[in-house]
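J.: Provided herewith is a single structure, encoded as structure tokens, for subsequent inquiry.
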Amino acid sequence: MMDSRQPWLCAALLAIAAGLGGCSVYPKIVCPPCVTPALGRVQDGHVEIDVMYATDRNFVEGGGIGEGARRAVLAPRLFGIDRSDSLKLGSCMVTIPAAHCRGATETPGLFQPPNKSKHVTLADIAEPFRTEEDFMVALRMRVNPPGEKKKPILVYVPGFATTFEDAAIITGQIAHDVAFDGVPILYSWPTRGSLLSYLVDSVNAEWSTGFLIRFLDKLVEESGAEQIHIIAFSMGSRVATNGIKNYLAQRALRECETNGANGAKAVAASRDEHAGKISADRTDEPPFGQIILAAADMDAQIFERDYAPYLAKAAKRVTVYVSSADWALGGAQRLHLYSRLGQSPLSRVDLQLLLNRIDVVDATEVDHDFFGHFYYAECPAVLEDIQRVLQGYDAEGPERGLQRQFFYRFVGE
């Protein structure tokens, strides 16, 4: 019988892993600041990345210094750790130093003040836009700049125990390190940021689903972007996959209601979608570009049965990064008793579905993170592969440099 203390020990292990992200041993590859106008600006000694945000965290009147103060420069904490009954939309600014290395979040020492020219910092959090329409107007201006082609959107959904401040910093760092020429958006759900918040955050992952559904609908219908990409990490994969699945179901029902004479056909299509009978060969344009699930802390079998068919329909391509060196997910497996998606090669998913829409990439050979959990944002090789994914390169192509073994894996360094 399992020791009654074991779940809490596993939760503590996962929380410590979350708190020690950045304690990596990856090679230092200088990534000089190089940003497009859509992403940010070059300043003296650093670059500024404009990150937009959506959050269902509680709003803190008057701000105050947040939990991420070690990496915050003059940034008031506007969002706490509790749930909100409404979605807040706004923008913030992350700075990257000129001497930045790909995959690093250069952090000041314990008694050292943050410095934009030396550290990755959160330099400003603007108060939320007054209305959703104000947010969408600002977003559309960045998506469709005068005289340029339309820019894509990259939505990042963080894992558990991540404060708003730290999630914003990771969003900016990833967008910079993959040379994203578009608009990065953080979706910050109410993780509590404490060492033993795992079980509470698991509940809040469900709470946030309804807000994410609405937000995805706004992006698809009103942003004007031709490509909307999504990266979800760890427990954030539960938020993202549940939101995407339910967004598709709601969209199908809406189409059913507006189809008029074709109502019967739409009802049948909606019924099939609710039953999970979604063909990967359907030719209708998916609402999203690339969906990336990294080190996903969700039940692998439930994903394969209930979510994989929906994601295959929702995106042009789905990439699932896994690693057998992920100790943090090993702790989650002991807590839940079943394998996590970030550990599993998706053995139960139909092979044709995998070939048509879903790539599984095994990062074990390049995963040198102490806990094996943060490689998606810290490992230069994985970041380079994410960059290629967002650029639309196929896993079979030479640009990715992957080795095919039913699923794909990185070639050892």
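J.: Using only the alpha carbons of region 38-410, determine the length spanned along each of the three principal axes and report them from longest to shortest in whole angstroms.
T.: Cα spread of region 38-410 along its principal axes, largest to smallest: 61, 47, 44 Å.
J.: Just rank Val73, Val411, Val322, fewest to most, by other beta-carbon atoms within 10 angstrom.
T.: Val411, Val73, Val322
J.: How much FRET efficiency would the formula 1/(1 + (r/R0)^6) give for Lys316 and Asn144, where r is the Cβ-Cβ distance and R0 is 30 Å, rounded to 0.05?
T.: It comes out at approximately 0.90.
J.: Quick one: of Lys116/Lys218; Lys151/Lys245; Lys118/Lys245, which pairs are farther than 30 Å apart, Cα to Cα?
T.: From the list (Lys116/Lys218; Lys151/Lys245; Lys118/Lys245), the Cα-Cα distance tops 30 Å for Lys116/Lys218; Lys118/Lys245.
J.: Between Leu337 and Asp134, what is the spin-label point distance in nm, taking each point 7 Å from the Cα along the Cα→C-beta axis?
T.: 5.0
J.: Suppose R0 equals 22 Å. What FRET efficiency, 1/(1 + (r/R0)^6) with r the Cβ-Cβ distance, do Phe59 and Asn246 give to the nearest 0.05?
T.: FRET efficiency, Phe59 to Asn246: 0.30.
J.: How much length is gained on full extension from Val30 to Arg404, taking 0.36 nm per residue of separation minus their Cα-Cα distance?
T.: So the extension gain works out to 131.7 nm.
Readers should treat all values here as calculations from the given coordinates under stated rules, not as data from a laboratory. Since this is a predicted model, take the numbers as computed values, not measurements. Because the Cβ atoms are built from the backbone with ideal geometry, glycine has one as well, and the counts that use them run over all protein chains shown.
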